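K.L.:
Just dropping this structure here.
The values are calculated or read from the model by the stated rules, or taken from the named source; none is laboratory data. Bear in mind the structure is a predicted one, so any value in this text is a computation, not a measurement. No Cβ is skipped: glycine too gets one built from the backbone with ideal geometry, and neighbour counts run over all protein chains shown. The area values use the complete protein model at the heavy-atom level, side chains included, leaving out ligands, DNA and RNA. Shrake-Rupley method; radii C 1.70, N 1.55, O 1.52, S 1.80 Å.
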Amino acid sequence: MERFVIDKSTNTLVKCNHSMMWERLDYLIIPHQYKGMQIDRIGPHCFAGLVIPFLCIEEGVEYLEDRAFENAHILNVKLPRGLKIGERCFAESDLMEILLPRDLHTIKQETFKNCKFLETISAQVGVNTISYSAFEGCEHLKEAHFRIIKSIKDYAFSGCVSLKTLNLGYRINQLGIGLFNDCSSLESLKLEGSFDKFHFRTFEGANGLSSLELQTSADSLYFPPDGFKDTCLKEISLKGDFEPIVEKRSCFPENIVIKGYFDSNPLKVLSFYFDSEVIA
């Protein structure tokens, strides 16, 4: 019985055979060339019934199709350069750790949703978009490190109850709804880029958040009513010379301290309504 079943018309790996039910392998290498055939793509659910501590995909494989590793019992994956990753690719899997390729630009919708054992995620300089619910429900995710994120879609980190460290880089221009819902372990957060508004539910449920630093090059920054509801936010540091757009006082918690540079626009406007401190 051949280990790999390949659709020759599309060069797609459609099934990985196993000799016994729930076969456990120490590792598995997915080759680009296999017995005169080529593997360019990996199809959905082709690793069902295997337990693989380490999976290595050789360079030359171009695409992981939607749901390729969904529900798979694979703990660690090494991905090659040039690889594209489809929606829900690792959703519901046993993945514990992954380093994303440097030329991957988008983490697609629900790519890692409900990866219950994923603890860390690191991306090289290429990733600039985190799509809808990409990490939603990753309840053991403790650290996520990105360098040049520009767009973060709705509910990207919702339900990441163990998330303590989140680095998103310095180029953020779009922030979605419910990004940090139930991120109860996230105590401090820095957002930097050119974003000009928050949605009314951006921080909903981030009830551990006590310190927030916002730095934007935008001309204005919109704060929606009750935007920080259900947080324990104590201080916000505002960096930039933007015009803060605040509809009502309830945009901020009652006892918030606003920090900013002396004579900066945000501090001049908001110090009339809230306690303020000058950033040295």
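K.L.:
Report the paramagnetic label zone for E59: residues of region 8-43 whose backbone N is under 17 Å from a point 7 Å from Cα along the Cα-to-Cβ axis.
P.N.:
Once the point is set 7 Å along Cα→Cβ of E59, 30-33, 39-40 turn out to lie under 17 Å by backbone N, inside region 8-43.
K.L.:
Please work out the FRET efficiency for the pair R24 and L99, using the Cβ-Cβ distance as r and a Förster radius of 22 Å; give the result to the nearest 0.05.
P.N.:
The pair R24/L99 has a calculated efficiency of 0.40.
K.L.:
Grab the Cα-Cα distance for N167 and D219, subtract it from 0.36 nm times how many residues apart they are, and report the gain in nm with one decimal.
P.N.:
Full-extension gain reported as 16.3 nm.
K.L.:
In the chain, if the dipole is taken from +1 on Lys/Arg beta carbons and -1 on Asp/Glu beta carbons about the Cα centre, which of S210, M96, I29 is farthest to the positive end?
P.N.:
I29
K.L.:
Could you compute the net charge surrounding I172? Neighbours are other residues with a C-beta less than 14 Å from the C-beta of I172; K and R count +1, D and E count -1.
P.N.:
After counting each charged neighbour, the total is +4.
K.L.:
If I histogram all Cα-Cα distances within region 47-201 using bins 10 Å wide from 0, what percent of pairs lands in each bin?
P.N.:
12, 44, 34, 9, 1
K.L.:
If you don't mind, there's one more thing I want to ask. Antiparallel as a % of all DSSP beta bridges within the chain, to the nearest 5?
P.N.:
Counting only bridges with both partners in the chain, antiparallel ones make up about 10 percent.
K.L.:
So for region 1-158: antiparallel DSSP bridges make up what percent, rounded to the nearest 5?
P.N.:
Within region 1-158, antiparallel bridges account for around 15 percent of the total.
K.L.:
Less than 13 Å Cβ to Cβ from S158, Lys/Arg counted +1 and Asp/Glu -1: what total charge do the surrounding residues give?
P.N.:
-3
K.L.:
What dipole magnitude, in Debye to the nearest 20, does the chain give about its Cα centre under +1 on Lys/Arg Cβ and -1 on Asp/Glu Cβ?
P.N.:
So the magnitude is around 460 debye.
K.L.:
Can you give me the pair-distance distribution of the chain, C-alpha pairs, 10 Å bins, whole percents?
P.N.:
Per 10 Å bin, starting at 0, the Cα pair percentages come out as 7, 27, 28, 18, 11, 7, 2, 0.
K.L.:
Can you give the FRET efficiency to the nearest 0.05 for T10 and E139, using r as the Cβ-Cβ distance and R₀ = 41 Å?
P.N.:
Working from the Cβ atoms, E equals 0.70.
K.L.:
Where Rh is the Kirkwood radius over the Cα pairs of region 218-265, the temperature 4 °C and the viscosity 1.567 mPa s, what D in µm²/s does Stokes-Einstein return?
P.N.:
For these conditions, the coefficient is 113 µm²/s.
K.L.:
Can you give the net charge of the other residues whose Cβ lies under 11 Å from the Cβ of S276, counting K and R as +1 and D and E as -1?
P.N.:
Local net charge: -1.
K.L.:
On average, how much accessible surface per residue is there in region 1-46, in Å², for a 1.4 Å probe, leaving out ligands, DNA and RNA?
P.N.:
Computed with neighbouring chains in place, this is 63 Å² per residue.
K.L.:
Please work out the average accessible area per residue across region 84-192, using the 1.4 Å probe convention, and give it in Å².
P.N.:
Heavy-atom accessible area per residue stands at 38 Å².
K.L.:
Now for a different question. Rounded to the nearest 10 Å², what accessible area does H199 have for a 1.4 Å probe in the complete protein model?
P.N.:
In the full protein context, H199 sits at about 60 Å².
K.L.:
Among L55, F180, I148, whose Cα sits farthest toward the positive end of the charge dipole of the chain (+1 at Cβ of Lys/Arg, -1 at Cβ of Asp/Glu, about the Cα centre)?
P.N.:
L55
K.L.:
Let me ask you something else. Given an 8 Å cut-off on Cα distances and at least 6 residues of separation, report the relative contact order of region 58-174 as a percent.
P.N.:
Answer for region 58-174 is 19 percent.
K.L.:
While we're here: State in Å² the accessible area per residue of region 225-269; use a 1.4 Å probe, count heavy atoms of protein chains only, and round to the nearest integer.
P.N.:
Using a 1.4 Å probe on heavy atoms only, each residue of region 225-269 averages 52 Å².
K.L.:
Over all directions, the average projected area of the alpha-carbon convex hull for region 1-123 comes to how many nm²?
P.N.:
7.0 nm²
K.L.:
Something else: What distance in nm lies between label points placed 7 Å from Cα along the C-beta direction at T106 and S210?
P.N.:
4.0 nm
K.L.:
Ok, one more. Holding the Cα-Cα limit at 28 Å, pick out from K15/K150; K113/K197; K8/K113 the pairs that are longer than that.
P.N.:
K15/K150; K8/K113
K.L.:
Take the Cα atoms of region 189-259, find their three principal axes, and give me the spread along each one in whole Å, biggest first.
P.N.:
Result, largest extent first: 28, 22, 19 Å.
K.L.:
Would you give the gap between the C-alpha center of region 198-247 and the C-alpha center of region 28-67, rounded to a whole Å?
P.N.:
After rounding, the separation between the Cα centres reads 43 Å.
K.L.:
Counting only C-alpha contacts under 8 Å and six or more residues apart, can you give the relative contact order of the chain as a whole percent?
P.N.:
Relative contact order, the chain: 8 percent.
K.L.:
Which percent of the accessible heavy-atom area of the chain goes to carbon and sulfur, probe 1.4 angstrom?
P.N.:
Whole-percent figure for carbon plus sulfur exposure: 47.
K.L.:
While we're here: What full-extension length gain, to one decimal in nm, is calculated for V257 and F200 as 0.36 nm per residue of separation minus the Cα-Cα distance?
P.N.:
That works out to 18.5 nm of additional length.
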